[in-house]
Amino acid sequence: MPEQAPQEQQLGPGTVPDAGPGPGPDRDPDAAAEAARLEGERAEVAAFRRSLGLGRLIDVHTHFMPERVLAKVWAYFDTAGPLLGHRPWPIAYRHEEQRRLEVLRGFGVRAFTSMLYPHKPGMARWLNDWSADFAARTPDCLHTATFYAEPGAAEDVRRAVEQGARVFKCHLQVGDYDPNDPLLDEVWGLLAETGLPVVTHCGSGPAPGTYTGPAPTGLLLRRFPRLRLIIAHLGMPEYEEFLTLAERHPRVMLDTTMNFTEFAESSMPFPRRALPRLADLGDRVLLGTDFPNIPYSYADALRALESTGLGTAWLRAVCHDNARRLFAL
């Protein structure tokens, strides 16, 4: 597998990689408590993997981006701004980049993404350049790219594809652009032709945007039916409508980012009547978590998936096998 970190290739099922040394407890009591917390989480995640017979997980929705951009994202989360529905959102894994990588690998994640996204014109190309460099120095990261509805978008995407991008991110809520903007027609045509997946935040959670909801994305899929969209967050909160889109379009997939957690269920619960439909789409559902920008533990996210009661085979496919097939890992 070209994207697998060499140090992880020899680990067997249930083996938890070393997440790296934390600060000594004699130097910083807070650091010692954090190290103990992470050790407990690693044990929980390892037990989850063992229960599925999995040595590793594949997480298609994780965030790595330039430090100054991530700092601004975290600052916005700290304000509980309108895009978050004015909801407090403490960041569980607020570490520097290398430590975040160690933590994620420590959970046994064999491949992950660097989801990043522009909120205005003129950002996409330099974000993509950063992401290409990140992927080059992080072999277990699936090279991720993005775009914005602006003149030159098609060239940005073509350039990212030539750099080796394997997955794209489209954020209709933060970007506040129409996926059917003519400026994106060539982008969608290129992505449909290449078959590269596009993780798309198109649902109206945690707060609606001008172009969120199933209607704009449904129109896009009618215009470009060969697109391989990955509907982030199962389309939260318009779950059933986005399940319908997936049922109509066999190349559409979904990711489980934040779904079924107490945090999400308290405000945007997944309808239990729709679980059989989600089970039927089991070969097109992928594990996503939003690491590191989650207000609970990674283990909590995995336990939430268990709470669906959809069974071991479904969980194994979601947490590993579907993404392995999609990315030919």
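If you go through region 31-69 and keep only what is more than 21 Å from the chain's Cα centre (by Cα), of a type in the set (Gly, Ala, Ser) and either in a loop (DSSP other than H, G, I, E, B) or at pLDDT 95 or above (or both), you end up with GLY40, ALA43, ALA47, SER51, GLY53.
Filtered by the rule that a residue be surrounded by 14 or more Cβ atoms within 10 Å (Cβ to Cβ) and either touching an Asp or Glu at 6+ places or on another chain (Cβ under 7 Å) or within 12 Å of ASP321 (Cα to Cα) (or both), region 45-61 gives LEU52, LEU54, GLY55, ARG56, LEU57, ILE58, ASP59, VAL60, HIS61.
With the structure loaded, tell me whether ARG68 is touching a Pro at 6+ places or on another chain (Cβ under 9 Å), surrounded by fewer than 22 Cβ atoms within 10 Å (Cβ to Cβ) and charged (D, E, K, R) or whether it fails that test. So ARG68 fails the test. If you go through region 69-102 and keep only what is of a type in the set (A, V, I, L, M) and touching a residue at least 40 places away in the same chain (Cβ under 8 Å), you end up with VAL69, VAL73, LEU83, LEU84, ILE91, ALA92.
Among the criteria (1) over 17 Å from the mean Cα position of the chain (by Cα); (2) buried (at least 18 other Cβ atoms within 10 Å of the Cβ), the one GLY309 does not fulfil is (2).
Within region 174-207, restricting attention to residues that are among the hydroxyl-bearing types (Ser, Thr, Tyr) and touching a Ser or Thr at 6+ places or on another chain (Cβ under 8 Å), the residue that is farthest from ALA80 (Cα to Cα) is THR200.
The number of residues in region 238-255 that are out of contact with any Ser or Thr (no Cβ under 8 Å at 6 or more places or on another chain) and surrounded by 14 or more Cβ atoms within 10 Å (Cβ to Cβ) comes to 12.
Could you say which residue among LEU281, LEU287 is in contact with a Cys (Cβ under 9 Å, 6 or more places away or on another chain), at pLDDT 95 or above and of a type in the set (A, V, I, L, M, F, W, C)? Sole residue among the options that is in contact with a Cys (Cβ under 9 Å, 6 or more places away or on another chain), at pLDDT 95 or above and of a type in the set (A, V, I, L, M, F, W, C): LEU287. Quick check on my filter: what residues within region 149-158 are out of contact with any strand residue (DSSP E or B) (no Cβ under 9 Å at 6 or more places or on another chain) and not aliphatic (A, V, I, L, M)? If the condition is that a residue be out of contact with any strand residue (DSSP E or B) (no Cβ under 9 Å at 6 or more places or on another chain) and not aliphatic (A, V, I, L, M), then GLU150, PRO151, GLY152, GLU155, ARG158 are the ones that fit.
SER297 meets each of the listed conditions (1) on the phi < 0 side of the Ramachandran plot; (2) buried (at least 23 other Cβ atoms within 10 Å of the Cβ) apart from (2).
Just wondering, is there one or more residues in region 82-95 that are of a type in the set (Gly, Ala, Ser) and part of a loop (DSSP other than H, G, I, E, B)? Looking for residues that are of a type in the set (Gly, Ala, Ser) and part of a loop (DSSP other than H, G, I, E, B), one finds at least one in region 82-95, hence yes. Counting only residues that are of a type in the set (Asp, Glu) and over 18 Å from the mean Cα position of the chain (by Cα), region 70-106 holds 2 of them.
Residues that are farther than 14 Å from GLY53 by Cβ and among the small types (Gly, Ala, Ser) within region 290-329 comprise SER297, ALA299, ALA301, ALA304, SER307, GLY309, ALA323, ALA328, listed in sequence order.
The values are calculated or read from the model by the stated rules, or taken from the named source; none is laboratory data. None of the values given here were measured: they were computed from a predicted structure. Neighbour counts run over all protein chains shown; Cβ positions are idealised from the backbone, glycine included.
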